[in-house]
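The values are calculated or read from the model by the stated rules, or taken from the named source; none is laboratory data. Keep in mind that what you see is a predicted model, and the values were worked out from it rather than measured. When we count neighbours, we look across all protein chains shown, and the Cβ atoms used for this are built from the backbone with ideal geometry, even at glycine.
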């Protein structure tokens, strides 16, 4: 995940950079997996109904 | 006490009772009482599963935890629960619905275990039914404590008055209408919870000046409020994610799969269920999050009040009453499902299966009804002392069910070679591992809460992880070491494949 590589680099790059990437990674992990389950459910509702 | 709050609460409670009466007229046999006659549509099944799962924690505990310093670490719990619930819908729902019907029309989980494995010893049924009965009685009691405290705080009633009023409403509609009443009230309660969790954070964020303003304010108070990593270890994150493993074994949730009217409805139910769950969890998280900014000038001594206080400050009493009713709805929707699963264990798994096989359907329904009363009374008596240490047993319940039942459910549905000895071993090893692991992970404290003896297990890992893993290993090894299932069981397995 590029955000995590950024995080590793940011540790060397200074506090502000690290904070920014921790925040970015936090929002990513909060929003993406959970919304993905909703998206997958919506998609499979239509694909499985067609079956 | 505001008139608006009182009126909206009363309308809500009368509505629940009305549903109980309607369901009463549609309930004529034990399958109706325990499983709604397998007639649930996708919307009702989805919201009933969700509302039964999420209790007061969703509107009080989770916003409170996010509100507290470093609260963003709670997102791992929300992510884990979401993934677990999704996998449950994706893999377990359809197959469990079909297999429970194929396996002699099993209407409870213990019933399914016995029929699936042709367990003539009856051990699987008895042990699982006992575990359900004992733990759900405590769980129900714990829920009643939560409901009573809410009622007490909202209406200025005494704790005992609040306890009995709340309990009487739940008992009434559950007693009358069984599974149908419980599911339909769950459906309404689920809608109420969802609306509350969407409206409160949106209005709060709007009051704060919008999303960017809110994020900036929250970050300015302490950057750790925007950070789900600082202070967390890898094991800590895994432990929170692992809560999702609990779903496969929770009887009050997976019975909703069994009660679906058709497997064709599973994709739609899954979509509705996941939409409800994800946006409700987001709503709870952002309520706590926005609360940090909103109460920046006067921080709350008890973070769990953040949802309640926001409703009181930002909305008129009529709307506030509806939003408060959502908390009660969350608590009631969990209690009623747990109460019904316990009474189902009494009526189907003890009375019908063991005591009176020839009992008529009418007799069984009444046994179910009176079990609701009996179990509820025990739960109320336990709840009269809200600080009872007995209620602490609830903390074992999610992991206990998850590890004792989850692996057995999964392997029974997907691995033909699972046999009754493997299932029994899995159940016992899963449960024992959870209890032992938790005890060994807890340091001994003195009265001043100082550690006087370190825990034997030197790291913190949620006990469901070893419990689940060891249970799976036990099921596989013991099944392979003992006799293969009969041809009859294997044929039934093939028949149940979807």
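Here are the numbers for the structure shown:
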quantity: Subset of the range B:326-358 [assigned to a loop (DSSP other than H, G, I, E, B) and touching a helix residue (DSSP H, G or I) at 6+ places or on another chain (Cβ under 8 Å)]; calculated: B:356
quantity: Unique residue being within 30 Å of residue A:29 (Cα to Cα) and modelled with pLDDT under 95 when the list is B:54, B:1, B:72, B:16; calculated: B:72
quantity: Only one of B:187, B:229 that is within 30 Å of residue B:260 (Cβ to Cβ) and surrounded by 16 or more Cβ atoms within 10 Å (Cβ to Cβ); calculated: B:187
quantity: Qualifying positions in the range B:238-252 - within 15 Å of residue B:90 (Cβ to Cβ) and surrounded by 24 or more Cβ atoms within 10 Å (Cβ to Cβ); calculated: B:245, B:247, B:248
quantity: Only one of B:281, B:310, B:323 that is assigned to a helix (DSSP H, G or I) and within 24 Å of residue B:20 (Cβ to Cβ); calculated: B:323
quantity: Given (1) modelled with pLDDT under 95; (2) closer than 14 Å to residue B:401 by Cα; (3) surrounded by fewer than 24 Cβ atoms within 10 Å (Cβ to Cβ), index of the condition residue B:127 fails; calculated: (1)
quantity: Condition broken by residue B:289, with the remaining ones in (1) more than 14 Å from every other protein chain (Cβ to nearest Cβ); (2) within 29 Å of residue A:23 (Cα to Cα); (3) crowded, with 24+ Cβ neighbours inside 10 Å satisfied; calculated: (1)
quantity: Condition met for residue B:134 (within 21 Å of the chain's Cα centre (by Cα), touching a residue at least 60 places away in the same chain (Cβ under 8 Å) and assigned to a helix (DSSP H, G or I)); calculated: no
quantity: Any helices (runs of 4 or more DSSP H) falling wholly within the range B:1-82 and containing at least 1 residues that are farther than 24 Å from residue B:372 by Cα; calculated: B:3-25, B:42-53, B:62-67
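Conditions (1) within 9 Å of chain B (Cβ to nearest Cβ); (2) modelled with pLDDT of 90 or more, marked per residue:
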residue	(1), (2)
A:2	no, no
A:7	yes, no
A:14	no, no
A:19	yes, no
A:24	no, yes
A:29	yes, yes
A:35	yes, yes
A:41	yes, yes
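Listed here are the residues, each with its yes/no results for (1) in contact (Cβ under 8 Å) with a residue 12 or more places away in the chain; (2) within 30 Å of residue B:357 (Cα to Cα); (3) within 14 Å of another protein chain (Cβ to nearest Cβ); (4) in contact with a helix residue (DSSP H, G or I) (Cβ under 6 Å, 6 or more places away or on another chain).
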position	(1), (2), (3), (4)
B:49	yes, no, yes, yes
B:63	yes, no, no, yes
B:69	yes, no, no, no
B:73	yes, no, yes, no
B:77	yes, no, yes, yes
B:94	yes, yes, yes, yes
B:101	yes, yes, no, no
B:109	yes, yes, no, yes
